[in-house]
Structure formats: C-alpha cells, structure tokens
Amino acid sequence: MTWHIMGAGSMGCLWTAQFLKAGMKPTLLLREQRLHTLQTKDPVLAIEELDGTTHHYPINLESPQSLTTSIEYLLVCTKAQDAEAAVHSVADQLSDQCQILLMQNGLGSQQAIAQHFSSQTVWAASTTEGAWMKDFLHVCHAGHGSTWIGPMGHTPDESTWQGLRSSLEKLPVDIQYTHPIELKLWDKLAVNCAINGLTALYDCKNGELLDTEERRARLAALTEEVTQVRSAAGIPTPGNLLELVKQVCRDTAMNNSSTCMDARQGRKTELTFINGYLIEQAAKLGVKTPANQQLMRELANLGIQ
Ligand SMILES: NC(=O)c1ccc[n+]([C@@H]2O[C@H](COP(=O)([O-])OP(=O)(O)OC[C@H]3O[C@@H](n4cnc5c(N)ncnc54)[C@H](OP(=O)(O)O)[C@@H]3O)[C@@H](O)[C@H]2O)c1
C-alpha cells in the first residue's frame, strides 16, 4: 500500500514522517518547480519530536509531472484554498479505486473535491495534531492530538472502509473513524470562526481574546451565529458552543492561530473556507450573520484575505 502525500508543508511532512516510522514508503509530492530546484539526489526528511530528539529519513520526492505510477492512496495536505487545484494536478494519475484523504481546515473544499472526484472515494479528516516547519523538509511536531476520519458524500462499502483502516493501522497516530465527518468539521469550524479571524484582527494570541469586554462580546456574537446556522442546517450543536470556544482560548492561551500567523506574514488565510463558508451557508438558509460579515469586512480593510 503506497500513500502519496500532496504538499510538503507542516502537515504533509508530519504525516510523511508517521508513514516512514511505520516502515511504509510514502511518496511526497511537490510542485514541479520546487522538485526541479532541489540540490540533492538523496533528500532526507527531518522530524523534531516533542522530546527534543530529531530523526532523519531518506524520502522519495516526486511532482505530478515526474510520477510514473498511479496513485492508490492520496493524502492532501495543502491549505484549503489550494486543495482543489492540487488534486486536479494529479487527476490523470488517480486509479479508479483511489482513496483521497483530505486534511484541510474549514469547509467547502472537501465538498467541491468529493463532487468532482465522485468515482473515487473521498475522505475528510479533522486533526488536533500540531506541527510547524523549521526549514524545507524539516518539520517540528508541536503537539500530539487525535485525528478523526470519515467519508465525504456517499457511504463507502465495508471493504473500502477496511482498505483505508488497514492502510493506516500501523501509523503511530491516534485515529478515530467517524460518520458523518461533517459534524467534526463543523465543530472545528465553530471554534475557528470565533477565534481565528479575531486573532488576526487584534494581532493577538488566542488567550488574549478573553482579555476585554469588547473581545468577549465579539467571540459570543460570532459563536451565536454559528449556532444559528447549524440549527437552520439541521446540524446538532454539542452543548454550549461558547463555553467550548472559551475553553479553547484558555487551553491554547499562548498560541498564535494559523490565521494570525498567515496575516502577519502577508500570506492568504483560510478564512474564505471558515467564516466565508459560514456566511455563504447562512445566506442559502436565510440566516443573518452580521458579526461574521463585519469581521470579514474589517479584515479585508486591513488587507487580510
Ligand atoms: N500545521 C498544523 O499544525 C495544522 C494543524 C491542524 C490542521 N492543519 C490544516 O492542515 C492543512 C495544511 O496546513 P499546513 O500547516 O501543513 O500548511 P503549509 O505548511 O502551508 O503547507 C501546505 C503545503 O502545500 C503545498 N502545496 C500547495 N499547493 C500545492 C500543489 N498544487 N502541489 C504541491 N504542493 C502544494 C505548499 O507548497 P508551496 O509552498 O509551494 O505553495 C505547502 O508546502 C491546512 O488546512 C491547515 O489548516 C494544520
């Protein structure tokens, strides 16, 4: 069972390292331009573990253009806004039975890919693993977590479920299988809708969103709109969503959200697939989302997209 992993960023390198630790031989897919500029014929992936040790693994790198074999299992580790184009770039190499596992935050990209690649089996994941890149092909594992995986779109038959499970069973990662995965993705979306954009707006750490009355009120308004959209869409809300959001702010008080970091570095954020997705769904359902819309306007005025 060979996994191809698309995207040599934090998640792509972290998961590639997990496959390598399990004794499997994954192929990491880069953009052609990136592969072309590599200085070495014997690339090595370095992973810095939480205990401070660093492990090095020889790694097989390819690009969509250099691939000569077909893809049976594809793990997509790009940002949400790049995921569709990334899968399309290997569309000709996907086998008919290919299983595509999407690792993106937010919602929208998963549905678009599941719809377009309906003859393959598309899975989505939500993960609380954390990683960051020290350098190209040098990843730092920032935190252990869990990863929930479930099918997007139609329910696969038992042998397809089994195929995916057995292809991942040796990985030293906590994986939970769940159906429908949309519930997990919506739970994460709720937290991200409330926290990510605000941390970019105030250029602050997650915990600092609880510091002032104004920030707490905005957290509450954003969260309430998520609850209303979920309810209109018939998606059950787990307990008190605002309490969950505040707990995440407390648990990750010293962290900078990925959106805050992207904004600082002038990179495109994933907010189109977070608050943007919520606003789009709300409009279809006739639910008003003034707090989310105002946040997106303020961010746009600051040049944060
Ligand atoms: N990092 C975390 O701790 C973490 C935790 C939970 C969830 N996530 C989610 O996981 C997803 C990936 O995040 P990340 O932190 O790994 O992002 P990242 O570090 O920015 O990595 C994304 C990688 O995808 C590559 N890429 C984009 N389009 C490509 C294409 N067409 N072909 C080949 N490679 C392509 C990028 O390469 P270029 O630089 O060449 O564009 C980049 O190396 C996001 O949705 C994120 O929210 C991340």
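The values are calculated or read from the model by the stated rules, or taken from the named source; none is laboratory data. The shown structure was predicted, so the numbers you read here are calculated from the model rather than taken from an experiment. Please note: Cβ atoms are built from the backbone with ideal geometry, for glycine as well, and neighbour counts cover all protein chains shown. Accessible surface is based on the protein model in full, side chains and every heavy atom, while ligands, DNA and RNA are left aside. Shrake-Rupley method; radii C 1.70, N 1.55, O 1.52, S 1.80 Å.
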### Query
Which residue pairs have Cβ atoms closer than 7 Å, lie 6 or more positions apart in sequence or on different chains, and pair a first residue in segment 14-33 that is of a type in the set (A, V, I, L, M, F, W, C) with a second residue that is modelled with pLDDT of 95 or more and in a helix (DSSP H, G or I)?
28/12; 28/16
### Query
From the residues in segment 87-125 that are within 14 Å of the chain's Cα centre (by Cα) and open to solvent by 10 Å² or more (accessible area, probe 1.4 Å), which one is nearest to residue 68 (Cα to Cα)?
103
### Message
Can you pull out every residue in segment 262-273 that is part of a loop (DSSP other than H, G, I, E, B) and either near the ligand (Cβ under 9 Å from one of its atoms) or surrounded by fewer than 24 Cβ atoms within 10 Å (Cβ to Cβ) (or both)?
### Response
265, 266, 267, 268, 270
#### Entry: Members of segment 155-182 that are more than 30 Å from residue 46 (Cα to Cα), in contact (Cβ under 8 Å) with a residue 12 or more places away in the chain and either over 15 Å from the mean Cα position of the chain (by Cα) or open to solvent by less than 30 Å² (accessible area, probe 1.4 Å) (or both)
155, 156, 160, 161, 178, 179, 180, 181
### Message
residue 65 - would you say it is within 12 Å of the ligand (Cβ to nearest atom), in a loop (DSSP other than H, G, I, E, B), touching a residue at least 12 places away in the same chain (Cβ under 8 Å) and more than 21 Å from residue 142 (Cβ to Cβ)?
### Response
yes
### Query
List pairs: first in segment 293-304 and of a type in the set (Asp, Glu), second at pLDDT 95 or above and surrounded by 13 or more Cβ atoms within 10 Å (Cβ to Cβ), Cβ under 8 Å, 6+ apart or cross-chain?
298/201
